[in-house]
Amino acid sequence: MDFSTSELTQQVSLSAREFALQQIKPNLMEWDESQEFPVHIFKELGKLGMMGVLVPEKYGGSGLGYFEYSAIIQEISKVCGSVGLSLAAHNSLCTGHILAFGNEDQKQKYLPKLATAEFIGAWGLTEPNTGSDAGNMKTTAVKEGDYWMLNGTKSWITHGKSGDVAVVICRTGEPRSKNNSTAFIVERGHPGFSAGKKENKLGMRASETAEMIFDNCKIPDANRLGEVGSGFKQAMKILDGGRISIAALSLGIAKGAYEASLAYSKERQQFDQPISNFQGIAFKLADMATKIEAAELLINMACDLKIKGLPMTKESAIAKYYASEISVEVSTDAVQIFGGYGYTKDFPVEKFYRDSKLCTIGEGTSEIQKLVIAREVLK
Ligand SMILES: Cc1cc2nc3c(=O)[nH]c(=O)nc-3n(C[C@H](O)[C@H](O)[C@H](O)COP(=O)(O)OP(=O)(O)OC[C@H]3O[C@@H](n4cnc5c(N)ncnc54)[C@H](O)[C@@H]3O)c2cc1C
C-alpha cells in the first residue's frame, strides 16, 4: 500500500482548508449557539464539487476517490465538525445509496442535483425504538398497485427537515424475517411526508438532526431502489463506506483539537515558562500525535481497500471505532491543556470536545463496531 499523498489529494485538501477557514470559521460559533443549519454553506460546497465527491462526472459529480473524500471531510472537520458531519451524510448516505443502488433513470434524475447541492440529501434508517437494532424497523411500505404506502417515523435523521430528497428504508416483509426491508426515494413536499421534532443536541449543533414522518405517504414503484427485500443489505453496504467518512470526521476533529493545543502549549506561560516544557503536557501531546497518526493509517487502509473494490467491512469498522474513540480522547486532552480557558466558548477546543462524542455513536456505536469486527475475525 502506498499512502504517500497524491498531488490531487493535496490540491483538494488545500481548497477544502481555504474554504473552511474563510467561509466556516468566522461564523461557526453563531451557528452552534443558535443551532442554525447553514444551508448556504452547502450550496457553496456544491459549487466546489464537494457535495458529489464520489459521483462520476457523467452525473455532474467530481469523480474523485476515497482518499480525496477523506481529505475533504478531515479539512472541513478540523474547523467545524457539524459541517463535516452534514457533508459526510450527504455524500456517503443519500447520494452514495442512489449511486450504488439506483437504476439509470434514478441516477440521472437525482445525482446531478445532489452533486451540485441543488438538493440536500437525507438518509433514514434509524427509528425511535430501533437504533443499533435497525433491522427491527417499524416503518412499513405496503404495495398497492403501482404504488407503495409508507407509514412510520424515522428519527435522528441528518437533514430530516431541510433535506430535499431522502432515501428511506422501510419494512416490506414480516417483522424479524429475512430480506424484509426495501429502500425508497422520497422527495420533500410529497403528500404524507413531513418533518417532526428537531433535536437539541450536545454537539454537532449546526448539523440538522430531525424526525421524518410518513403518514399514508404514497410513493410510486419507480422510486424503489433495487429489489424488494434488499433494503437492509443495501444499508449495511452503504454504512461500510459511510464509516470511512465518520472516521475521517473523527480524525479531522482530533487534528483540529491537537493543532490548537500544540500552539497554545507553546504560548501559555506558567511558572515563567511555556506549559509545553512540563512533561505532563508534552506527554499528552505525544499521545495525541501517536493516536492521530495511527487513526490516519487505519483510514488510509480502509480507503485503499474500498477503491480497489476489495472487502473492507472489518477495516472500515476498525477505522471508525478507533478514530472516533481517539477523537474523544484527544479533544478531552485538548480541553485539559487549555485549562480554564478550554472550558469557555472563547477557544475552539470545547466545541471539538462536544462534537467528537457523536462520532462514537452515529453510523453505528463503538459497541456495534466491535460486534462487526468480532464477527469478521471469528469467521
Ligand atoms: C447527530 C446524529 C445524527 C444521526 N444521523 C442519522 C442519519 O442521518 N440517519 C440515520 O438513519 N440515523 C442517524 N443517526 C442515528 C444513529 O445512527 C443512532 O443513534 C445509532 O445507530 C445508535 O442507535 P440508538 O441511538 O438508538 O442507540 P441504541 O441502539 O439504543 O443503543 C444504546 C446503547 O446500547 C448499546 N447497544 C445496543 N445494542 C447493543 C449490543 N447488541 N451489544 C452491545 N451494546 C449494544 C449501544 O452501543 C449504546 O451504547 C444519527 C444520530 C445522531 C446522534
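Dipole magnitude for the range 28-173: computed about the Cα centre from +1 point charges on Lys and Arg Cβ and -1 point charges on Asp and Glu Cβ, it is near 320 debye. Across A263, A282, A295, mean-square fluctuation computed from a Gaussian network of the chain (C-alpha pairs under 10 Å connected) peaks at A263.
Comparing L297, L249, L28 in a Gaussian network model of the chain where C-alpha atoms under 10 Å apart are linked, the largest mean-square fluctuation is found at L297. Between the listed residues V79, S316, A248, the Cα displaced farthest toward the positive end of the dipole of the chain, a dipole computed from Cβ unit charges relative to the Cα centre, is found at S316. Once the 1.4 Å probe is applied to the protein heavy atoms, the chain comes out at 43 Å² accessible per residue. Other residues with beta-carbon under 13 Å from the beta-carbon of G163 carry, at +1 per Lys or Arg and -1 per Asp or Glu, a net charge of 0.
Partners of K314 within straight-line reach, counting lysines whose Cα lies under 20 Å from its Cα and excluding those fewer than 8 residues away in the same chain: K233, K237, K291, K306, K370, K379. If you plug the beta carbon distance of D272 and N200 into 1/(1 + (r/R0)^6) with R0 = 45 Å, you get a FRET efficiency near 0.50. In a reduced charge model with +1 at each Lys and Arg Cβ and -1 at each Asp and Glu Cβ, the range 126-251 shows a dipole moment near 300 debye about its Cα centre. Only helices enter the 222 nm calculation for the chain: every DSSP H run of n ≥ 4 contributes -39,500 (n - 2.57), and dividing by all residues gives -15500 deg cm²/dmol, rounded to 500.
Only four residue types carry charge here, +1 at the Cβ of Lys and Arg and -1 at the Cβ of Asp and Glu. Report the dipole size of the chain about the Cα centre in Debye, rounded to the nearest 20.
Here the size comes out at about 700 debye.
Per-residue packing, averaged as other Cβ atoms within 10 Å, sorts the ranges 169-177, 77-85 into the order 77-85, 169-177, beginning with the highest. For the range 21-165, the number of Lys pairs separated by eight or more positions or lying on different chains, with C-alpha atoms closer than 16 Å, is 7. Of all beta bridges that DSSP places with both ends in the chain, some 85 percent have antiparallel geometry. For the chain, the relative contact order is 17 percent, taking Cα pairs closer than 8 Å that sit 6 or more residues apart in sequence and dividing their mean separation by the residue count. Think of the chain as a dipole: +1 on every Lys or Arg Cβ, -1 on every Asp or Glu Cβ, centred on the Cα centre; then among A257, N223, L239, N223 lies furthest on the positive end. Ranking T332, H90, S15 by how far each Cα lies toward the positive end of the dipole of the chain (charges on Cβ) leaves H90 at the top.
Percent of accessible area on the chain owned by carbon and sulfur, 1.4 Å probe?
Values: 8630 of 16470 Å².
Answer for the chain is 52 percent, counting heavy atoms of protein chains only.
The values are calculated or read from the model by the stated rules, or taken from the named source; none is laboratory data. This one's a predicted model, so the numbers in the text were calculated from it and none came from an experiment. With ideal geometry, Cβ positions are generated from the backbone for all residues, glycine too; neighbour counts draw on all protein chains shown. The area values use the complete protein model at the heavy-atom level, side chains included, leaving out ligands, DNA and RNA. Shrake-Rupley method; radii C 1.70, N 1.55, O 1.52, S 1.80 Å.
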